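The block underneath contains the structure these notes are about, expressed in structure tokens.
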Amino acid sequence: MRSWRIWLAAILLILTTSAIAQDLYMVRSGMAFPEAMVALQKAIREQGYTLSRVQRVDLGLKSFGFKTDRYRVVFFGKPAEIEQLGNKYRDLVPYLPLKIAIFAEGDETLLLASSFHHLRPFFKQPALGKQFDTWEKDIQRILEQVRLAD
Amino acid sequence: MNRRIRFFCAALLWAVASTASAQGVRPDGEALYQQNCAACHGSDGAGGVGVPLNLPDFLAVASDRYLRNTLRHGRPGRVMPAFPSLTDEQADAIIRTIRGWSDAPAPVYDSVRLKGDARRGKQLFTEHCAACHGDHGQGGAGTGVTFSRPREAPIMAPALNNPGFQQSVSDAMLKATLLRGRRGTPMSPITALGLTESDADDLVAWLRKLPPDERLARTSQSPIIRMESPYGFEETLDNLKKAVTARNFHIIREQTLDSGYVKAGKENKRQYIVYFCSFSFLNEALSVDPRVGLFLPCRVTLQETDKGIELVTINPESLSHLFNNSELDKYCARMHRLYSEILEEATL
């Protein structure tokens, strides 16, 4: 009885998805950097995440005399996930919290995040696999929301 | 049971119908381009991380077959990924969008191999092409046109020895490119250099013999570097900071892992992150590939576990392949060595 449900789920999955594993998610926003940054922070919050800090990469570079356009890294996570996963999976800690790099390219803005595809062979716990699935979907939703924002 | 079978059949029919319906609709090439290509090649094909696609001379010589094969194979080690999930219809829709930027008709080439003199072609290549494309056709360093970082040339010279390029391009298209040149880039028609059509055949014969890039071999590595410390938490932290600054890194921030997620004063101080940076190294790495900032600034986490105190960080060598940019490999190897040295010194 259970097996036909699994088969049905598998057939539906094959027929209705075309997604394949991607290492990086990268999108271009037609908005200038300040507007794209606002849209990114809004999208992160709307997906239920807490934004913990913004690393201003460009300011550090400029302070040392290097020429650069605006470049930031936005860190975000869910408090309960950070606490639970940080305690349970110590090897995952270097990849926490989640982050998205955002940088200007002329009048437009590029946003970049990593998938968890490369971590899956090393973190085979089913619960963590589901967590990676959730993060990947959420990150893609966040990026898509910024890409389509006016 | 009958109800279950009916439900199963209905669900299956719905799935098949929706797939068929989706296939019946002509894919939206503009939307697909914006979704899959614009991040690197620009909204209008003017280039970015990726090479410009809207140059009239490029569109005049690039066949649909070349573009389709490029989508299929990508450029291993040169940023451009393969897109195996795109259907033929979706790939064709993207190509139609790219074609829309030019009035030139899509050229069609045969797949006949040109019979030139490769030895002579090598001499001509060394004399006229290697300055931009590299001695072995490995292409220019860095990514695409100006992209947040200053660039010395408006376009990165493509890697002609790249297996993705070699699989995608025909001899006839190579020859057409040599004869036409590419306005908007440093590449002039070879006839402007005093070369002839026969020289083009010789050059193409050599281009087909270019040795492939050996840096493309990848190994699977642990995504982290971890070392246990025989010292207490505070002493290890002190050692870590000394090891970091001894290598000319600036400590830019220290915080707990949960900082910003719990109320001030409630943080777990036994999971402590030290962020640090060498801005000259950062500038160098970003010049090679601005996407690498995703894994910056450098950080090491000091944490207390059931087994004791440990230091843990990302393994840059395991992340290098994510960027599909073999130029980055040496920076990731260098960073791996520095991380290992820092962790070793702090725990010795």
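The values are calculated or read from the model by the stated rules, or taken from the named source; none is laboratory data. Note that the structure is a prediction, hence the values are computed from the model and not measured. Quick reminder, even Gly has a Cβ in these numbers, built from the backbone with ideal geometry, and neighbours come from all protein chains shown.
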Review point. Hey, does region A:31-51 have a residue that's modelled with pLDDT under 90, assigned to a helix (DSSP H, G or I) and touching a Lys or Arg at 6+ places or on another chain (Cβ under 6 Å)?
Key: no
Exercise for review: Identify, by number, the condition in (1) facing another protein chain (nearest Cβ under 10 Å); (2) touching a Phe, Trp or Tyr at 6+ places or on another chain (Cβ under 6 Å); (3) of a type in the set (Asp, Glu) that B:ASP289 doesn't meet.
Suggested key: (1)
Study note, to complete from the structure: Conditions (1) part of a helix (DSSP H, G or I); (2) closer than 25 Å to B:PRO186 by Cα; (3) among the small types (Gly, Ala, Ser); (4) within 14 Å of chain A (Cβ to nearest Cβ) -> B:ALA46 fails only (1)
Point to revise | Hey, B:THR126 polar (S, T, N, Q) and under 19 Å from B:GLN35 (Cβ atoms) or not | key: no
Revision key, fill the gap. Residues of region B:299-315 being of a type outside the set (A, V, I, L, M) and away from every other protein chain (no Cβ under 11 Å), in sequence order, are B:GLY308
Practice item. Might you let me know whether region B:102-117 holds any residue that is more than 22 Å from B:LEU210 (Cα to Cα) and touching a Gly at 6+ places or on another chain (Cβ under 6 Å)? Key: no
Check your understanding: Which condition number does A:LEU59 fail, the rest of (1) within 7 Å of chain B (Cβ to nearest Cβ); (2) modelled with pLDDT under 95; (3) over 20 Å from B:GLY48 (Cβ atoms) being met?
Key -> (1)
Exercise for review: With the checklist (1) in a helix (DSSP H, G or I); (2) touching a residue at least 60 places away in the same chain (Cβ under 8 Å); (3) within 12 Å of another protein chain (Cβ to nearest Cβ) in hand, flag the one item B:SER280 doesn't pass.
Suggested key: (2)
Review point. Which of the residues that make up region B:74-89 are out of contact with any Ser or Thr (no Cβ under 6 Å at 6 or more places or on another chain) and either closer than 28 Å to B:GLY139 by Cα or within 9 Å of chain A (Cβ to nearest Cβ) (or both)?
Key: B:GLY74, B:ARG75, B:PRO76, B:ARG78, B:MET80, B:PRO81, B:ALA82, B:PHE83, B:PRO84, B:LEU86, B:THR87
Check your understanding: Which of the residues belonging to region B:75-91 are surrounded by 16 or more Cβ atoms within 10 Å (Cβ to Cβ) and without any contact (Cβ under 8 Å) to a residue 60 or more places away in the chain?
Key -> B:PHE83, B:LEU86, B:ALA91
Review point. Any residue at all in region B:213-229 that is closer than 30 Å to B:VAL112 by Cβ, aliphatic (A, V, I, L, M) and part of a helix (DSSP H, G or I)?
Key: yes
Point to revise | Selected residue (criterion: farthest from A:LEU24 (Cα to Cα)) from residues of region A:87-99 that are crowded, with 18+ Cβ neighbours inside 10 Å and facing chain B (nearest Cβ under 8 Å) | key: A:ARG90
Check your understanding: Which ones in region A:62-86 are under 21 Å from B:PHE295 (Cβ atoms) and within 7 Å of chain B (Cβ to nearest Cβ)?
Key -> A:PHE64, A:PHE66, A:THR68, A:ASP69, A:TYR71, A:VAL73, A:GLY77, A:ILE82, A:GLY86
